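Handing you a structure now.
Throughout, read-outs are computed from the coordinates displayed, never taken from laboratory work. Fair warning: this is a prediction, and the values are worked out from it, not measured in the lab. FYI the Cβ positions are ideal-geometry reconstructions off the backbone, even for glycines, and counts take in every protein chain you see.
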Amino acid sequence: MLTLMILLMALALAGAGMMFVGVRGLLARRVTIYSGKWLLALVAICFLPQFLNGLNLLGKLPSLAVINLIMYPGLVLVFWFITKGYIIFGVSEELANEALKGAFGKMGLKHEQMLGSVKLEDGGIFQVSIQDWVGTMQLKPRNPAAKARTKELVAALSEHFSASTARIRFMPYWIYTFCGGLLLATLLFFAAMVVNHLGRRPQPPAEQLKPSAASVLRPWSMDRTGQNV
């Protein structure tokens with residue numbers, strides 16, 4: 001029962017988080033920036049029931065339990081590398097390059113844009129990965145000099161996107177809205193199953209054998225011969 005409750009909580013948190021990202025972008029109709037730590041937390045919550053199921057199977061199916069227990073930290077570690085830095089939703093390649101140029105100009109930093117990265121005059125290097133077709137960009141600092149500039153760069157990018165009137169990509173917002181809605185629908189389905197199961201739960205034997213008050217208080221009837229029936 002505890003595992004089921006944790007599963008429902010995980011579905012609720014992951015679904016609500018994805019819906020927030022998607023609906024916020026659709027309503028704001030602008031580019032949004034998120035720290036990769038938040039997306040890593042969503043991934044960790046989504047796969048948490050698998051880890052708990054592995055703990056539950058330790059005494060029953062040890063081999064399957066070990067697989068589940070190993071996969072969870074492995075997946076979290078992989079996504080920790082994938083989601084490092086910041087992830088920007090709703091950008092096209094043209095809009096992303098324009099925003100980077102404007103942000104570095106506002107910061108007063110000369111930069112050199114290379115394939116998949118941007119090198120600053122102070123030696124800082126940012127890894128820039130743009131998925132134009134889906135409308136996302138990932139920004140990762142590659143060395144301490146870049147890490148020291150990250151917050152300032154993210155603030156400058158956010159200000160640039162807020163003032164920009166360029167068309168944005170809505171694809172990532174639709175994807176997150178759909179996935180979040182699917183998780184919340186799954187949550188409702190499991191919750192309905194739990195309620196239905198609890199409603200059909202049979203009464204304990206002691207309650208079934210317990211005579212009702214009406215049968216105890218009902219007076220005996222007598223037939224015409226005066227005998228109790």
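Looking at the range 1-64, which trypsin sites (Lys or Arg not before Pro) are in a loop (DSSP not H, G, I, E or B) and have at most 12 other Cβ atoms within 10 Å? Please list the in-between numbers first.
Values: sites: ARG24, ARG29, ARG30, LYS37, LYS60; in loops: ARG29, ARG30, LYS60.
Answer in residue order: ARG29, LYS60.
Hey, rough spin-label estimate for ILE67 and SER164, points 7 angstrom out along Cα→Cβ, what's it come to in nanometres?
4.4
Taking K and R as +1 and D and E as -1, what net charge do the other residues with C-beta under 10 Å from the C-beta of THR83 add up to? It would help to have the intermediate numbers written out before the result.
Numbers: positive: LYS37, LYS84, LYS140; negative: none.
Summing Lys/Arg as +1 and Asp/Glu as -1 gives +3.
While we're here: Calculate the FRET efficiency for ASP122 and ALA16 from the Cβ-Cβ distance with a Förster distance of 41 Å, rounded to the nearest 0.05. Don't skip to the end; give the middle numbers.
Values: r = 41 Å, r/R0 = 0.99.
About 0.50, to the nearest 0.05.
Sticking with this one: Which whole-Hz couplings ³J(HN,Hα) result when phi for each residue of the range 35-43 is put into the Karplus expression 6.51 cos²θ - 1.76 cosθ + 1.60, θ = phi - 60°, listed in order with x for Gly and Pro?
Computed from phi, the couplings for the range 35-43 are 6, x, 5, 5, 5, 5, 4, 4, 5 Hz.
So, one more: Set the Förster distance to 30 Å, then compute FRET efficiency between PHE190 and LEU27 from the Cβ-Cβ distance, nearest 0.05.
That pair, PHE190 with LEU27, gives E of 0.60.
So, one more: Suppose a student asked you for the relative contact order of the range 31-169, using Cα pairs under 8 Å spaced at least 6 residues apart; what percent would you report? Write out the running numbers ahead of the final one.
Details: 197 pairs, mean separation 35.6, N = 139.
In percent, rounded to a whole number, it is 26.
Quick one: putting +1 on the C-beta of Lys and Arg, -1 on the C-beta of Asp and Glu, what dipole do you get for the range 91-168 around its Cα centre, in Debye to the nearest 20? Mind dumping the intermediate values first?
Values: 10 positive and 9 negative charges, 54 e Å.
Charge dipole of the range 91-168: 260 debye, to the nearest 20.
Simple spin-label model, 7 Å along Cα-to-Cβ: LYS147 to LEU182 in nm?
So the two model labels end up 3.6 nm from each other.
Shifting gears a bit: Could you pull out which residues in the range 35-66 have an amide N less than 18 Å from a spot 7 Å beyond the Cα of SER129, following the Cα-Cβ vector?
Taking a point 7 Å out along Cα→Cβ of SER129, the residues of the range 35-66 whose backbone N falls under 18 Å are 35-44.
Moving on. What order do you get for 89-95, 120-126 when each peptide is scored by the mean count of other beta carbon atoms within 10 Å, highest first? Please report the intermediate quantities before stating the final value.
Values: 89-95: 20.4, 120-126: 16.7.
For the peptides 89-95, 120-126, the packing ranking is 89-95, 120-126.
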